[in-house]
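Structure, as structure tokens:
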Amino acid sequence: MFVDSHCHINFEGLADRLPQVLDKMREHAVTHALCVSVDLETLPSVLDIAARHDNIYASVGVHPDHEHMREPSVAELVELAKHPKVIAIGETGLDYYRLEGRTIDDMEWQRERFRTHIRAAHATKKPLIIHTRASADDTLRIMAEERAGDTGGVMHCFTEPWPVAERALEQNFYISLSGIVTFKSAADVQDVARRVPLDRLLIETDSPYLAPVPYRGKPNEPAYVSYVGRFIAQQREMTDEELAAATTRNFFQLFGLQTPAGA
Ligand SMILES: [Zn+2]
Ligand SMILES: [Zn+2]
């Protein structure tokens, strides 16, 4: 059995055909998924899906790309995280990919927002879901300054080279790989897939984005995390079952949940 550690099934294209999405998960032995929040405006749809389905969990956070959405405070994140299905804070982090004429100095609002999330993680003792793009040094620096390692968490949709993974592992973080690992051009990610200690590895879809081969370019959904898992098993020369069991165990361990029978 596989677990999708990061998806957005409350987004259009998935939310409107949720029964089929959940059926397909079952067909592909994907037993659980974490539906990740990207802003406070759409958080109710995340919490609603998680409340209605035993095998779907939720997080609370505001994505670094969602610039003009309502800014969360530590107190507000802490309050929202009291929902019984909320198991993590995020997604949060830094994204300098689209600076659009600005400099990194202009992105202080992102760094402040990131610190707010780390402080909420401390207050709730829940792990962080961290997004980093074109910003690895600042991401790791702020994690260290704010002691993100106290709660730990996951570097999601990881696409940085191995030395960055090593620095995140040193800070008590897991590494989660998406369908990008199956792309021909993703030599760096495949290298990371082979080197991450098995007890720190997670898998995800980030659906509806980033469908793995053989669905590359098509809409993605949690069922396809099975392709991500099988590809990584091949890279590590282990069986699909071993890879599935390890990443599933890691998911329940990181988020402080009881591992279900059969995992
Ligand atoms: Zn992300
Ligand atoms: Zn995401």
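The values are calculated or read from the model by the stated rules, or taken from the named source; none is laboratory data. Computed from a predicted structure; not experimentally measured. A quick note on method: Cβ atoms are made from the backbone with ideal geometry, for glycine too, and the neighbour counts reach across all protein chains shown. Just the protein is used for accessible areas: all its heavy atoms, side chains included, with ligands, DNA and RNA removed. Shrake-Rupley method; radii C 1.70, N 1.55, O 1.52, S 1.80 Å.
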Quick one: in segment 13-28, which of the residues that are of a type in the set (A, V, I, L, M) and free of Cβ contacts under 8 Å to residues at least 60 places away in the same chain is most open to solvent (accessible area, probe 1.4 Å)?
ALA15
For ARG119, are the conditions met, namely being of a type in the set (Lys, Arg) and within 13 Å of ligand 2 (Cβ to nearest atom)?
no
THR239 meets each of (1) in contact with a Cys (Cβ under 8 Å, 6 or more places away or on another chain); (2) of a type in the set (Val, Ile, Thr); (3) surrounded by fewer than 15 Cβ atoms within 10 Å (Cβ to Cβ) with one exception, condition (1)
Tell me which residues, restricted to segment 29-53, are free of Cβ contacts under 8 Å to residues at least 60 places away in the same chain, more than 16 Å from ligand 1 (Cβ to nearest atom) and among the β-branched types (Val, Ile, Thr).
ILE49
Please verify whether segment 33-44 includes one or more residues that are surrounded by 14 or more Cβ atoms within 10 Å (Cβ to Cβ), touching a helix residue (DSSP H, G or I) at 6+ places or on another chain (Cβ under 6 Å) and more than 22 Å from ILE142 (Cβ to Cβ).
yes
Cβ-Cβ under 8 Å pairs, at least 6 apart or on other chains, segment 156-170 side under 18 Å from PRO127 (Cβ atoms), far side within 15 Å of ligand 1 (Cβ to nearest atom) and of a type in the set (Asp, Glu)
HIS156/GLU91; HIS156/GLU204; HIS156/ASP206; CYS157/GLU204; CYS157/ASP206
Considering only segment 84-115, state which residues are among the charged types (D, E, K, R) and away from ligand 2 (no atom under 16 Å from the Cβ).
LYS85, GLU100, ARG102, ASP105, ASP106, GLU108, ARG111, GLU112, ARG115
Can you tell me how many residues in segment 117-149 are within 16 Å of ligand 1 (Cβ to nearest atom), of a type in the set (Gly, Ala, Ser) and open to solvent by 20 Å² or more (accessible area, probe 1.4 Å)?
1
Matching residues, segment 46-71, being of a type in the set (Gly, Ala, Ser) and surrounded by fewer than 16 Cβ atoms within 10 Å (Cβ to Cβ):
ALA51
How many residues does segment 107-116 contain that are over 18 Å from LEU80 (Cα atoms) and open to solvent by 30 Å² or more (accessible area, probe 1.4 Å)?
3
Got at least one residue in segment 183-204 being touching a Lys or Arg at 6+ places or on another chain (Cβ under 8 Å), surrounded by fewer than 20 Cβ atoms within 10 Å (Cβ to Cβ) and within 26 Å of ASN10 (Cα to Cα)?
yes
